[in-house]
Structure formats: structure tokens, C-alpha cells
1. Can you give me the C-alpha center-to-center distance between region 72-88 and region 252-296, rounded to a whole angstrom?
2. Relative contact order (percent) for the chain, with alpha-carbon contacts under 8 angstrom and 6 or more residues of separation?
3. At 0.36 nm per residue, minus the direct Cα-Cα distance, what do residue 216 and residue 88 gain on full extension? Give it in nm, one decimal, please.
4. According to the square roots a ≥ b ≥ c of the eigenvalues of the Cα gyration tensor, what is the shape class of region 118-194, taking rounded for a/c under 1.5, prolate for a/b larger than b/c otherwise, and oblate for the remainder?
5. Let me see the pair-distance distribution of region 232-341: every alpha carbon pair, 5 Å bin width, integer percents in order.
6. Could you give the semi-axes, largest first, of the ellipsoid that matches region 333-458, computed as the square roots of 5 times the alpha carbon gyration tensor eigenvalues and rounded to whole Å?
7. What shape does the chain have by the C-alpha gyration tensor, where a ≥ b ≥ c are the square roots of the eigenvalues, rounded means a/c under 1.5, and otherwise prolate means a/b greater than b/c and oblate the rest?
8. If I histogram all Cα-Cα distances within region 245-417 using bins 5 Å wide from 0, what percent of pairs lands in each bin?
């Protein structure tokens, strides 16, 4: 099996991992890492897409430096955010982050055009003020959309910059709130009702399909040619693709966001699912990720940043463990989306302006475990599944205290690991592209065999 390169980009960092299959196991090597963050430019929160592209390219060039040339590469990122292109395929900037406040109150404007229950019945996507549908509606109102001929979600945009090929990918497209959940295509009735350009919404491709090869410019920069393919380009879809799930297990993809859910073969777009604010996002092999999006490790990341990174995450965890304070916040409340100070936001929510740091951290831990429990019960009730265990994957699964609290609050067995599930899901989709004898089930067995010894149980 050849080398494959996974480019996995989150809200705070990105990394390049080379992977290959040896003796039925996945062998990975991180070869490049970089920081990524939102910038405040004149009061607007934006992504520095030039820096993103520079780092993506630099990481690819590293393969040449170490003499390990990948046959394919794929890119996964967060969902909902996009780049607009004009008739000459030039960027219409700025690239606004989903954490910007411009969409505040916009869902209610959209619901006057398309009632919320109709929108949910069509798309199955939970109400979040930053969904692509509301961002595009803002761009329409401001006139920014007038000059746009294409829009590409972040991994699609980065793939375009490497290949010159414009394509949409299914799993990330499903996060837009503009994809018909049952038909798996752009919903033309929604697009027409909102007055959005139909030309923006081109054909959708599946994971494990070809985007294209490097442009001459990229080949010159990195020193070799390579095929760019689509993985499940929404990072949660990539993580779940690699998650070694049993039928009655739930997953928590634990990173900046906590995605709590199960994998279904059909979307659930009932009024009960809408009332619970559960979402049906697309997955590999046309699976559906029936889940809730919850503010996750972002809370701890922001608190640590407020403290000037004075403490490690482990030190913060031990402070919380020493506290018996259990008053809770609602981690889904938008006051925690992008506050100037997360510490002040938590204290204000609790009405305790002098709350000690250890108690504050304890509150966040117990709040996350409690909302995990609430979400698990909602999914059980609405899906009819009886959950036997919860598989926590991603960087957040290293937090042993949160794992233990999750088991205590839910009463379920917790399985923690693999840590590198997102990059792993990215890689296995490339292996499926390269070798048609590798099915999703076989790929997940490879994941179990590779990481079985590192998985912990609570």
C-alpha cells in the first residue's frame, strides 16, 4: 500500500500525517503541524485563508524533504464556513468565521420565509445561528453574494487551490442546512425561496472519489505530483468513519466541539428530533450522523487562553477534581460561542462574579457530562436504540476526569479512543479509493487492530 497524506485542520491547529498499511495495521507519522486561529479584523472574526494555504502547501512539501511521496492526499476541516469566488475564481474576502456575530437573529428572519419545521423536515439539520444557510443569507443581504459565481466550503476550497478543480463534497455539504437529507442533493426549493444563486450549488461528490491532480504551480512548489481525493471532509464525519462502533454504541467526537450521536442508515426528521435540536449530518457510505453539536473542549481552550496558558490542561483538570462545586451552565448557550473572556462568561452565567478558578472548571466538567447524559437519553428516546456504551474519540478522549464523569452521569460504559480518529478516518477513505477491496467494515477492523491496545474503558 502506498503512502497517503491526511491534512487535518481544526479551529486551533492543523497537521499533516502520512499513513500506510503494514501487516493489516495503520502506521502513521506526523510530519508537520501549524497553528490556526480566528482573527478580529475591524470587529469581524475572519479566517486567514492565505496563511492556511501556505501551511497546507508547506506541509505537503515536507513529504519531499523526508523522501516519502504520497500517492494521494485529502483534507478535512470544520464545517459550515466557506469561501466565495468571483467569475475569475478570485476570492471575495473576507472569509468570515462561524463565530462572528453577524448571523445573530438571522435564523428568525429565514423562518419567516421558510418555517423552521419545514426547513428541518427537508434538511434534518439542527438550528445553529452560524449554519451556512444563515451566513449565505447575510451575504445576500449585504450584496457580497452578487459577484459570487462559486462558493466552496473550507476543505473544498483548499482542494481547489491545489488542483484548480471546483467540486462539492457530500459530508461537508450536509452541514450547510441546504441539502435535502433524504434525496442527498441541494434542495432547490430552499435555494429558490431564499433568492440564492442556483449556480453556486454544483454537483456533489462522495468521499473516496477523485478531485484532481496538482496544478503546475503546486507541483513546482512542493516538488512532486499527487492526486487529491475527497475524504469525509467534515472532520466529524472523518472521525466517525474511523470510529470502531458497535450497532448500539453512541459516539462522542471530542474536540473543540463535542459531537454526541449515533450512526443511522436513514435520517430522522421528526418533530421530536427537531424539538431536541438533533441533526442528521451526512457520513461515509451515505450513513447519517444523528447527533447534537455541543460546545466542547472550546470551553477549556478559551479558559486556558484567558489565563495566558499559565496552566496545562492536566493541571486544570486536577484543579477541577479538587472542587466539589457542581452548579452547571448550559454549554449550548450562544453566550459561550465567542466571548471576550470565557471565565467571565461562565461566572456571569452562574451569577457568581468571584467564583474561584477550581470551582469554575468543576462547573464546566459537570456541565459537559450532564448535557452528554441529556443528549444520550434524547437519542435513545427518539431513535429507539438502547445504548450499551459510549465511544469517545478525538483529542478530548485523553481527559480522564471527563471520561469518568461521563460514565457516572450517563450510567453507560465509556470507551476512550482512538485519539487520532479524525486523521485516521481521512486516511482510511484514501485507502478505500486506492484499493476497491477495502470496504468501510474492513477499514474499521484495521482501526480496531491498530489502536486496540491504547483504548481505555471506564
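1. Between the Cα centres of region 72-88 and region 252-296 lies a distance of 22 Å.
2. Details: 952 pairs, mean separation 73.5, N = 458.
Result for the chain is 16 percent.
3. On the way: separation 128, 0.36 × 128 = 46.08 nm, distance 1.83 nm.
The span from residue 216 to residue 88 would gain 44.3 nm if fully extended.
4. Working: a/c = 1.90, a/b = 1.26, b/c = 1.51.
Note, shape of region 118-194 comes out oblate.
5. 2, 10, 17, 19, 17, 14, 11, 7, 3, 0
6. Numbers: eigenvalues 235, 63, 43 Å².
Taking √(5λ) for each eigenvalue gives 34, 18, 15 Å, largest first.
7. Details: a/c = 1.35, a/b = 1.13, b/c = 1.19.
Here the chain falls in the rounded category.
8. Answer for region 245-417: a P(r) of 1, 9, 17, 21, 19, 14, 9, 6, 2, 0, 0 percent.
Computed from the coordinates by the stated procedures, all read-outs in this text should not be read as laboratory data. No experiment lies behind these values; they were computed from the predicted model shown. Every residue, glycine among them, receives a Cβ derived from its backbone with ideal geometry; neighbour counts consider all protein chains shown.
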